[in-house]
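Let me begin by presenting the structure, written as structure tokens, before commenting on it.
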Amino acid sequence: MPSQLVDQYFRADKLPQIWCPGCGHGIITRAITVAIEQLGLDPDKVCVVSGIGCSSRAPGYLDFNTLHTTHGRALAFATGIKLANPELKVIVIMGDGDATAIGGNHFIHTCRRNIDLTAIIFNNNIYGMTGGQYSPLTPKFDKGTTAPYGNIDRTFDICDLAAAAGATYVGRGTSYHANVVTSLVKKGIMNEGFSLIEAISGCPTYYGRKNKKGGPVDMMQWQKDNAVTVTAAEKMTPEQLEGKFLIGEFKNKPEPEYTKEYQNIINNLQGRDV
Amino acid sequence: MKNEGLKANEVDYGKLIINADWCKGCGICTAFCPTKAIVLKNEKVTIADIDKCTQCGLCELRCPDYAIYVGRKKNEQKD
């Protein structure tokens, strides 16, 4: 019998998952369920939506209301669910390519709309499921199947992009810092509005192998060594921050939420007509 | 417990419980175990020295496959 957490929130008969040995996705998926457990949410009132990709396999293992949708369109489906059933807590799981390439337009407009969804982007820097093509999050000069001599595109910063597009809660964690992911997801679910949490995950099979980043342990060690919390970064010089990345809460600025605004219009119009 | 009848090949070591069927041998738990109480053998996690385990839970936190978890201490056990 699996652990109490897995027993309660996972479809344990579907385990072990399909993900490669050492893939960070399993760790982040678990961190999300810990957040749901700590908030004491009713599993029947939680809906987990995903698109297509390695990360999007996650809802298949989670025992909530789950929806596995089309590539890049998870946020569009989730918007529909939230508008039809505003009492649901809707959690969207996407990958870096799913969210920022194919679903890029859905992503920025969902941020702008500030609808009460919690999106978690599993960022493994590559398209894992389809064989290691470079994604908008593959760092410059790193290699992918479709960039054998190095990728010359610059990357997005998902958190900056979301904050600029209007998301009201933005944060970043890693698979090494699973507890950070849990606390960010908790705050994201509690935030009334669109919350975006980027979770950096290691892909030892494609990204790691193509870029000689070592095995699963080396990739976790890299996250440990290079992640700097927002508070620690304030006291560091630009030279010290060279090559590092920030984790923690970047933005928490509540604004009017979309389904509430929508209901206000309905109420106003019905009041006028009657 | 809805998975009571699940045939998971678990071994209860008291402080830790390991399901070797789910372990993919990535080595994350053993690498980040602060007391080195666990070790990889034949690409599966096994106990090196159970007395060293402090039940800190880092293996459970970072196992991508939920193959290892902390057994409940006696005073925490529910009926």
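Relative contact order for segment A:166-224 using alpha-carbon pairs under 8 Å, separation at least 6, rounded to a whole percent? Each step should come with its number before you reach the end.
Values: 79 pairs, mean separation 20.9, N = 59.
Result for segment A:166-224 is 35 percent.
What ³J(HN,Hα) values, in whole Hz, does the Karplus curve 6.51 cos²θ - 1.76 cosθ + 1.60 give for segment A:12-19 when θ = phi - 60°, with x put for Gly and Pro?
Rounded to whole hertz, the list is 4, 6, 8, 8, x, 6, 7, 4.
Step through the residues of segment A:86-93 one at a time and calculate ³J(HN,Hα) from phi using the Karplus curve (6.51 cos²θ - 1.76 cosθ + 1.60, θ = phi - 60°), rounding each to whole Hz and writing x for Gly and Pro.
After applying 6.51 cos²θ - 1.76 cosθ + 1.60, I find x, 7, 6, 8, 9, 10, 10, 10 Hz.
Pull up all non-local amide H partners of B:Val45: gap of 5 or more, or a different chain, and H-to-H distance under 5 Å with H placed in the peptide plane.
When sequence neighbours closer than 5 places are left aside, the close amide H contacts are B:Gly25.
Please arrange A:Thr79, A:Thr118, B:Thr54 by counting, for each residue, the other beta carbons lying within 10 Å of its beta carbon, fewest first.
Details: A:Thr79 23, A:Thr118 27, B:Thr54 12.
Going from least to most buried by this count: B:Thr54, A:Thr79, A:Thr118.
Can you sort B:Arg62, A:Arg113 from fewest to most other Cβ atoms within 10 Å of each residue's own Cβ? Walk me through the intermediate numbers first.
On the way: B:Arg62 24, A:Arg113 19.
Arranged by neighbour count, lowest to highest, B:Arg62, A:Arg113 become A:Arg113, B:Arg62.
On a full-extension model of 0.36 nm per residue, what is the gain between A:Leu241 and A:Leu41, subtracting their alpha-carbon distance, rounded to one decimal in nm?
Working: separation 200, 0.36 × 200 = 72.00 nm, distance 3.81 nm.
Taking 0.36 nm per residue and subtracting the Cα distance, the gain is 68.2 nm.
Starting from the Cα gyration tensor of segment A:179-274, take the square roots of the eigenvalues, sort them a ≥ b ≥ c, and report rounded, prolate or oblate (rounded when a/c is under 1.5, otherwise prolate if a/b is larger than b/c, else oblate). Intermediate results must be reported in sequence, preceding the final value.
On the way: a/c = 4.04, a/b = 2.31, b/c = 1.75.
Since a/c reaches 1.5 and a/b is larger than b/c, the shape of segment A:179-274 is classed as prolate.
Residues with amide H under 5 Å of A:Thr155's amide H, sequence separation 5 or more or different chain, H placed in the peptide plane at 1.01 Å from N; which?
A:Lys140
Specify whether the C-alpha gyration tensor of the protein assembly as shown places it in the rounded, prolate or oblate class, a ≥ b ≥ c being the square roots of the eigenvalues: rounded for a/c under 1.5, otherwise prolate if a/b is larger than b/c and oblate if not.
Numbers: a/c = 1.80, a/b = 1.27, b/c = 1.41.
Oblate is the answer for the protein assembly as shown, as a/c is 1.5 or above yet b/c matches or exceeds a/b.
To make sure I understand, if each residue's beta carbon is the centre and we count other beta carbons within 10 Å, what order do A:Glu249, A:Glu198, A:Glu234 fall in, fewest to most? All intermediate terms of the calculation are to be shown ahead of the outcome.
Numbers: A:Glu249 19, A:Glu198 28, A:Glu234 8.
Ordered by Cβ neighbours within 10 Å, fewest first: A:Glu234, A:Glu249, A:Glu198.
Return the calculated 222 nm mean residue ellipticity for the protein assembly as shown, to the nearest 500 deg cm²/dmol, obtained by summing -39500 (n - 2.57) across DSSP H runs with n ≥ 4 and dividing by the residue count. Write down the numbers at each step before the final one.
Details: 12 runs with 107 residues, N = 353.
Taken over the protein assembly as shown, the calculation gives -8500 deg cm²/dmol.
Can you check what the net charge comes to around B:Asp49, using other residues whose Cβ is under 12 Å from the Cβ of B:Asp49 (Lys, Arg +1; Asp, Glu -1)? Provide the component values of the computation, followed by the final result.
Numbers: positive: B:Lys15, B:Lys36, B:Lys52; negative: B:Asp51.
Residues close to B:Asp49 contribute a combined charge of +2.
Under the definition of Cα pairs under 8 Å and six or more residues apart, what whole-number percent is the relative contact order of segment B:10-72? Please report the intermediate quantities before stating the final value.
Working: 111 pairs, mean separation 24.9, N = 63.
This gives 40 percent for segment B:10-72.
We did not get these values from a lab; they are worked out from the coordinates using the rules stated. Here the structure is a predicted model, which is why all the values come from computation and not from measurement. As a convention, Cβ positions derive from the backbone with ideal geometry for all residues, glycine included, and neighbour counts pool all protein chains shown.
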